[in-house]
1. Please report, to two decimal places, log10 I(q)/I(0) for segment 18-131 at q = 0.12, 0.18, 0.23 Å⁻¹ as given by the Debye formula with identical point scatterers on the Cα atoms and no solvent.
2. Contour minus end-to-end for ASN110 and LYS180, with contour as 0.36 nm per residue of separation and end-to-end as the Cα-Cα distance?
3. Hey, could you pull the Cα Rg and Dmax for segment 104-162, both in Å?
4. What translational diffusion coefficient, in µm²/s and rounded to a whole number, does the Stokes-Einstein relation yield for segment 55-113 at 37 °C and a viscosity of 0.692 mPa s, taking the hydrodynamic radius as the Kirkwood radius over Cα pairs?
5. Note down the magnitude of the dipole of segment 1-71 about its Cα centre, charges +1 on Lys and Arg C-beta and -1 on Asp and Glu C-beta and zero elsewhere, to the nearest 20 debye.
6. Highest first, please rank the peptides 2-15, 70-83 by the mean number of other Cβ atoms sitting within 10 Å of their residues.
7. In square nanometres, what is one fourth of the surface area of the convex hull spanned by the alpha carbons of segment 139-200?
8. In nm, give the distance between the simple-model label positions of PHE128 and SER316, each being 7 Å from the Cα along the Cα-to-Cβ direction.
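Please treat every number below as a calculation from the coordinates, not as lab data. Remember, it's a predicted structure, so these values are computed and weren't measured experimentally. Every residue, glycine among them, receives a Cβ derived from its backbone with ideal geometry; neighbour counts consider all protein chains shown.
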Amino acid sequence: MIKPTLTSLLQINRPLIMAPMFLVSNTKMVIEGMKAGVAGCIPALNYRTLEELRASIQELKAAKVPGGSFGYNLIVNKSNIKYKDQLAVLCEEKVDFIITSLGSPEETINAAHKVGIKVFCDVTDLAFAKKVESLGGDALIAVNNQAGGHRGNLSPEKLIKELNENTMLPVISAGGVSTKKELDLMMSYGAVGVSVGSPFIATIESGVSEEYKQACVDYNAKDIVLTEKISGTPCTVINTPYVQKVGTRQSWIERTLNKNKTLKKWVKMIRYMIGSNAVTKAATEVTYKTVWVAGPTIENTTEISTVSKIVDRICS
């Protein structure tokens with residue numbers, strides 16, 4: 001069966017989604033991405049209020065050009081108390097697509113499809129991909145072990161091929177792409193497009209500090225480590241001196257409490273709040289507590305560039 005391509009799904013010129021990145025992604029980046037013929041996605045949690053979220057959607061709708069597309073990422077588990085209201089706003093404003101993460105996408109798929117919004121779902125394995133397919137999702141975002149942030153465990157080749165062979169949904173690969181050669185490799189495995197995040201951190205348009213951007217230039221793939229200190233779930237960060245000092249594993253108290261089914265979700269929620277606060281401060285202001293989220297694809301970041309130049313580097 002021939003599966004729809006990412007370009008046909010979103011009516012874009014190039015098979016790339018600028019992945020949603022907490023604190024990094026913003027309307028300025030997405031507008032430049034649309035001009036370059038790709039899709040851009042912003043985490044709904046980047047906005048403190050529903051009014052700010054709605055204003056950003058309206059800004060992107062006004063700036064949209066043929067060949068470009070925009071969407072938003074929703075954290076759909078119980079830890080996101082804003083989820084239902086955020087979903088309502090996205091549906092009211094009729095964004096082009098929604099990417100779901102960290103929970104069941106059922107409610108999002110049902111609500112979004114009623115108003116013609118496509119829903120792509122983050123998956124890291126076949127079991128969850130089959131669930132997404134049964135719920136009527138439009139595509140799978142295959143988060144592999146080269147992705148930044150909360151990554152999967154399988155290699156790009158293994159994950160893409162497994163999902164393609166066992167589901168009828170188109171597969172968008174997430175992780176391991178920062179050059180045209182790497183994009184072509186993912187497509188050769190059977191991906192219909194790619195979701196790319198870390199290479200866009202060090203751009204003029206991104207909303208983080210110059211120190212964060214420069215770190216993506218100065219550090220390399222070998223400097224990326226997994227930490228449990230942000231959300232309780234392993235997350236990739238740059239191995240700065242501060243990260244080395246505080247360590248990357250949960251405390252013995254957290255590990256013990258995580259074994260208790262009743263307390264586990266509260267422990268994760270508290271850890272997420274503490275970790276997010278640290279990431280926010282490091283991303284937006286000068287601080288010695290440098291917890292910078294990034295993936296190994298910063299390997300090919302050699303300067304602070306522009307969104308359009310990076311799109312050209314990957315797609316041309």
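1. -0.38, -0.86, -1.37
2. The span from ASN110 to LYS180 would gain 21.6 nm if fully extended.
3. Taking only Cα atoms of segment 104-162, I get Rg and Dmax of 12.1, 35 Å.
4. Result for D is 272 µm²/s.
5. Charge dipole of segment 1-71: 160 debye, to the nearest 20.
6. Going from most to least packed, we get 70-83, 2-15.
7. 3.7
8. 3.6
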